[in-house]
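**Q** This is the structure, below, for whatever I ask next.
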Amino acid sequence: MKNLFIGIDFSKEKIDATIITAQGLEELSARISETFPTTTSGYNKLVRWVEKNSLGIGREAWLFCGENTGDYSKPLCNYLYGKGLDMWIENAKCIKDSSGLRRLKSDRADSVMIAEYAMRNYDRAEIYKPLSESLSQLRELFLYRQQLVRHKCGFQVRRGEKKLTMEKSSIKTAISQSGRRMVNVLDKEIEKIEKKIKELIKIDDELKSTYELITTVPGIGMQNALCLLIFTNNFKRFNLNPRKIACYYGIAPFGRDSGTSVHSSPHVHYMANKMLKAILTQAALASIQFCLPITNYYNRLVNKGKKKQVALNNVKNKLIHIITAMVKNNQPFDPEYINNNKSIA
């Protein structure tokens, strides 16, 4: 049971906080707000300020709440976690959609809105837990590798364009040679990062076990395995719910049906992590080519009249469901089990 709700609005140099004390939906005192710097001393002042205005409510009944703003929100979240205080990081759109019509927009007003959201929805709160040290390092290495790959693709595309548009000249030769050198340099850097990733996985028994399990699926390589490990917190974030993981990846279809005029077939939502979705698409294409049960599943959908892109999205969903079941049951990929199990095949 939570009785003291602290709404946090994050920004680069400061945080705005608002306290609401309530019993259910009945507020017990006037709301108060304050601003603190985004430093360790500022976080200390924040906790002391909450303690001073807590009306004697114990820390176990406190709930801090803020929008997920990535690097801006992480330092305070880690600080509060270290202090044993509950922090709820919620999707910004969820908070905004629940706030109704708003005329005033300011950091303090946003902190009030977030505190109200926490008070009304605390029973749905997902308490923040940081990634393990190994997963945090893997996340940084993975994102850095993605950045290197984007740069490499940019140089490759540029070189290709110049081959098509420029006649033979010293400029064309210089661009081509320079682009080739950059691609070679980036290839070496990507190779170094991949080596570090493998070393990190190797020294963490839990990650190593899950990684080896996931990669038994034909088509699932290092990048997709890393995505699943990092963005599901080694499958702890979504409680091994494949539908929730599919929603996060942006591959779960949702329909629109209302009254007599609105009837549309299910479509995936535009809100998704597009990087993860693109990487999973590559895995699905590889699985269709090299995994016979997935090949048969895809062909059966196409033969029934489904468009190829829809069938491909179904394959992505199937892979997420298969992998989640494998992790849940601690069983490697078994094509015979999939062939014989109608609910999966």
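**Q** Suppose we keep only residues that are of a type in the set (Gly, Ala, Ser) and open to solvent by less than 40 Å² (accessible area, probe 1.4 Å) within the range 272-311. Which one would you say is nearest to GLU336 (Cα to Cα)?
**A** In this case the residue turns out to be SER287.
**Q** Scan the range 130-146 and give yes if some residue there is farther than 30 Å from GLU194 by Cβ and not in a helix (DSSP H, G or I), otherwise no.
**A** No, because not a single residue in the range 130-146 is farther than 30 Å from GLU194 by Cβ and not in a helix (DSSP H, G or I).
**Q** With the checklist (1) in contact with a strand residue (DSSP E or B) (Cβ under 7 Å, 6 or more places away or on another chain); (2) surrounded by 13 or more Cβ atoms within 10 Å (Cβ to Cβ); (3) of a type outside the set (A, V, I, L, M, F, W, C) in hand, flag the one item TYR79 doesn't pass.
**A** Only one criterion is unmet by TYR79, namely (1).
**Q** Sort out which residues of the range 269-322 are touching a strand residue (DSSP E or B) at 6+ places or on another chain (Cβ under 7 Å) and either closer than 19 Å to LEU213 by Cβ or touching a residue at least 60 places away in the same chain (Cβ under 8 Å) (or both), and write them in order of number.
**A** Within the range 269-322, ASN313 is the sole residue that qualifies.
**Q** Open to solvent by 10 Å² or more (accessible area, probe 1.4 Å), modelled with pLDDT of 95 or more, outside any helix (DSSP H, G or I) and within 18 Å of LYS83 (Cα to Cα), is that true of PHE5?
**A** no
**Q** Only one of these conditions is not met by SER54: (1) assigned to a loop (DSSP other than H, G, I, E, B); (2) buried (at least 16 other Cβ atoms within 10 Å of the Cβ); (3) under 28 Å from the mean Cα position of the chain (by Cα). Which number is it?
**A** The single condition SER54 does not satisfy is (3).
**Q** In this structure, is LEU148 surrounded by fewer than 15 Cβ atoms within 10 Å (Cβ to Cβ) and either touching a Phe, Trp or Tyr at 6+ places or on another chain (Cβ under 7 Å) or modelled with pLDDT of 90 or more (or both)?
**A** no
**Q** Oh, and also: Residues in the range 5-28: is at least one among the aromatic types (Phe, Trp, Tyr) and over 18 Å from TYR117 (Cβ atoms)?
**A** No: the range 5-28 contains no residue that is among the aromatic types (Phe, Trp, Tyr) and over 18 Å from TYR117 (Cβ atoms).
**Q** Listed residues LEU213, LEU200; which is at pLDDT 90 or above, farther than 28 Å from PHE290 by Cα and surrounded by 14 or more Cβ atoms within 10 Å (Cβ to Cβ)?
**A** LEU200
**Q** Identify all residues within the range 162-196 that are modelled with pLDDT under 85, open to solvent by less than 60 Å² (accessible area, probe 1.4 Å) and among the charged types (D, E, K, R); write none if there are none.
**A** Selection gives LYS162, LYS172.
**Q** A further question on this structure: Among the residues in the range 322-334, are any modelled with pLDDT under 95 and in contact with a Phe, Trp or Tyr (Cβ under 6 Å, 6 or more places away or on another chain)?
**A** Yes: the range 322-334 contains one or more residues that are modelled with pLDDT under 95 and in contact with a Phe, Trp or Tyr (Cβ under 6 Å, 6 or more places away or on another chain).
The values are calculated or read from the model by the stated rules, or taken from the named source; none is laboratory data. Bear in mind the structure is a predicted one, so any value in this text is a computation, not a measurement. No Cβ is skipped: glycine too gets one built from the backbone with ideal geometry, and neighbour counts run over all protein chains shown. Heavy atoms of the whole protein, side chains included, go into the accessibility calculation; ligands, DNA and RNA do not. Shrake-Rupley method; radii C 1.70, N 1.55, O 1.52, S 1.80 Å.
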